[in-house]
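All of the numbers you see were taken from the coordinates with simple rules; none came from a lab. What you see is a predicted model; the values in this text were computed from it and never measured. Cβ coordinates were reconstructed from backbone atoms using ideal geometry, including for glycine residues, and neighbour counts include every protein chain displayed.
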Amino acid sequence: MKAQELYRMVSLIRRVELKIVEVYPGDVMQCPVHLSIGQEAIAAAVCRFLGKNDPSIGTHRSHALYLAKGGSPVGLFAELLGRINGCSGGYGGSMHLVDLENGLMGTTSIVGGALPISVGMAMGTMRPRIACVIFGDGACDEGAFYESLSFASLKKLPLLFVCENNRYSVYTHTDQRRCSRPLRIAEACSVRTLHAPIDAANDAVTLYGLIEGEMGRLRSGGGPLFIECDTVRALDHNGIRDDIAHGWRPAAEAELVKRYDPLILTGRHIDRETREKIDGEIRDIVESAYASALKSEPLNAGETADKALFP
Ligand SMILES: Cc1ncc(C[n+]2csc(CCOP(=O)(O)OP(=O)(O)O)c2C)c(N)n1
Ligand SMILES: [Mg+2]
């Protein structure tokens, strides 16, 4: 049952992202998009451990987090289309998703910016609730990363750090940067760590099993947990192009994308018939969500968020 639910979420994230890929060339979405294709299993598995009352925050690449936290596909599509029933009222776009009802406090495009905010969220969180932040390897090049780990460790905060290590900050590989294995910094700050190599991190069922044993300690005041998930980005840093085919990342990356496809790895835990049934249901959900988002009213041209929210 758990495997089916995890597969359903990976399938939902993939299908939503593919819908964006399909419609984006028509210029209907006026915001940049950073797609999660290739990395879907991480949010899917992590968010199974989070309830609506566990505040969470993400980055510029957070469609997967929004959906896995329970956000509606209509709210996401409408946000990208700049419609008033978007999850952020149509003002935020892809990088600024909010869903307070489900405990998604926001997502931010400032690399590393979510980390200190998550520390504040954890400070205001009462046991057994926890806070969670999902961020990329690029955030580990920021000073705020060190400060957040250090403070969370010192105060034994109930904070789940999840690093999606796709080894790239835009097109710069971790080999050319300061920190290729972020969990070492967490270890240096006496934060408990867990490493998910790509075959585990891109398989939601395996990743779920890896994390499961750690959640009791985290929820009962044992201090923060840092999970580093190795993964691979399937498409361009930003937008819908295939940057590997354009030569912006080495061809070997395409091999990783193929070999560690989260939909295939997670799908191996259930039978083909069930997989096809789930995929069919998800296809219908996503198509009708997009159609419904398209019917939502657009924002008034020229109106600013402050005027709309605080008239
Ligand atoms: C403080 C800051 N510096 C630079 C940027 C430009 N920028 C946007 S995304 C990005 C790369 C982020 O890489 P990573 O954190 O690994 O996330 P990924 O895109 O790989 O998911 C950069 C440098 C930014 N948004 N904020
Ligand atoms: Mg990265």
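Just the residues that are among the hydrophobic types (A, V, I, L, M, F, W, C), closer than 15 Å to TYR290 by Cα and assigned to a helix (DSSP H, G or I), please, taken from the range 1-30.
Matches in the range 1-30: LEU12, ILE13, VAL16, LEU18, ILE20, VAL21, VAL23.
Of all the residues that make up the range 53-70, how many are of a type outside the set (Phe, Trp, Tyr), without any contact (Cβ under 8 Å) to a residue 60 or more places away in the chain and out of contact with any His (no Cβ under 9 Å at 6 or more places or on another chain)?
Matching residues across the range 53-70 total 5.
Can you tell me how many residues within the range 141-195 are touching a residue at least 60 places away in the same chain (Cβ under 8 Å) and among the polar types (S, T, N, Q)?
Looking only at that region, the number is 3.
Within 12 Å of ligand 1 (Cβ to nearest atom) and either in a loop (DSSP other than H, G, I, E, B) or polar (S, T, N, Q) (or both) - does that describe any residue in the range 113-127?
Yes.
Here's the yes/no breakdown for (1) out of contact with any Asp or Glu (no Cβ under 9 Å at 6 or more places or on another chain); (2) farther than 12 Å from LEU160 by Cα:
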residue: ARG177; (1), (2): no, yes
residue: ILE198; (1), (2): no, yes
residue: VAL205; (1), (2): yes, yes
residue: PRO224; (1), (2): yes, no
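Residues in the range 210-227: is at least one in contact with a Leu (Cβ under 6 Å, 6 or more places away or on another chain), of a type outside the set (A, V, I, L, M) and crowded, with 24+ Cβ neighbours inside 10 Å?
yes
Can you pull out every residue in the range 164-176 that is charged (D, E, K, R) and either closer than 8 Å to ASP137 by Cβ or crowded, with 17+ Cβ neighbours inside 10 Å (or both)?
The answer is GLU164, ARG167.
Tally the residues that are under 13 Å from GLN39 (Cα atoms) and assigned to a loop (DSSP other than H, G, I, E, B), restricting the search to the range 250-272.
Looking only at that region, the number is 2.
Condition check ((1) small (Gly, Ala, Ser); (2) under 18 Å from the mean Cα position of the chain (by Cα); (3) closer than 22 Å to VAL257 by Cβ) across all residues:
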residue: GLY138; (1), (2), (3): yes, yes, yes
residue: PHE151; (1), (2), (3): no, no, no
residue: LYS156; (1), (2), (3): no, no, no
residue: LEU159; (1), (2), (3): no, yes, no
residue: ASN166; (1), (2), (3): no, yes, yes
residue: SER169; (1), (2), (3): yes, yes, yes
residue: THR172; (1), (2), (3): no, no, yes
residue: ALA188; (1), (2), (3): yes, no, no
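Scan the range 36-81 residue by residue and report those that are part of a helix (DSSP H, G or I), touching a Ser or Thr at 6+ places or on another chain (Cβ under 6 Å) and not small (Gly, Ala, Ser).
The answer is HIS63, VAL74, GLU79, LEU80.
Go through (1) away from ligand 2 (no atom under 16 Å from the Cβ); (2) touching a residue at least 12 places away in the same chain (Cβ under 8 Å); (3) among the small types (Gly, Ala, Ser); (4) in contact with a His (Cβ under 7 Å, 6 or more places away or on another chain) one by one and return the number of the condition SER88 breaks.
Status for SER88: all satisfied but (2).
Test each condition in (1) in contact (Cβ under 8 Å) with a residue 60 or more places away in the chain; (2) closer than 22 Å to MET121 by Cβ; (3) in a loop (DSSP other than H, G, I, E, B); (4) of a type in the set (A, V, I, L, M) for VAL33 and report the one that comes out false.
(2) is the only condition that VAL33 fails.
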